[in-house]
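A short write-up of the structure that comes next.
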Amino acid sequence: MEVFAKNSNGWGATLLVDPAENGKYNWRIMVEDRRSAPPSLRFIVSPASFTSVGESIDDGRAVLEALTPDDLN
């Protein structure tokens, strides 16, 4: 499930929340960088599973909000 996204000058990041095992949830941040050729696509994955969607969103959103293009180098 896509939750939040941010973009700026040729790069973008989208927070995704997915079901994990045992009724828990994980977040992933899909980062697309088009500032140089060829464009790159990579994922930042949550280090832990969360018991609710809300917890997963809160944790993933904190990482997404702090993410800058400089972090991608």
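Result for the chain in a Gaussian network model with C-alpha springs under 10 Å: among ALA48, ALA37, ALA20, the largest mean-square fluctuation is at ALA37. In order along the stretch 8-20, phi translates into HN-Hα couplings of 6, 6, x, 9, x, 9, 10, 8, 10, 10, 10, x, 10 Hz, rounded to whole numbers, per the Karplus curve 6.51 cos²θ - 1.76 cosθ + 1.60 with θ = phi - 60° and x for Gly and Pro. Taking every alpha-carbon pair under 8 Å whose residues sit at least 6 apart, the chain reaches a relative contact order of 26 percent.
For the chain, the longest principal axis of the alpha carbon atoms and the long axis of helix 53-66 meet at an angle near 20°.
Along the axis of the charge dipole computed for the chain (Cβ charges of +1 for Lys and Arg, -1 for Asp and Glu, origin at the Cα centre), the listed residues ALA37, VAL17, LEU64 are led at the positive end by ALA37.
Charged side chains reduced to their Cβ positions (Lys and Arg at +1, Asp and Glu at -1) give the chain a dipole of some 200 debye around its Cα centre. Once the mean of 1/r is taken over each pair of separate Cα atoms and inverted, the chain shows a Kirkwood hydrodynamic radius of 12.6 Å. When the surface is traced with a 1.4 Å probe over the full set of protein chains, VAL63 keeps roughly 50 Å² accessible.
The values are calculated or read from the model by the stated rules, or taken from the named source; none is laboratory data. Just so it is clear, the model here is predicted, and its values are computed rather than measured. Cβ sites come from the backbone with ideal geometry, for glycine too, and all protein chains shown count toward neighbours. Keep in mind that these areas ignore ligands, DNA and RNA; they rest on the heavy atoms of the full protein, side chains included. Shrake-Rupley method; radii C 1.70, N 1.55, O 1.52, S 1.80 Å.
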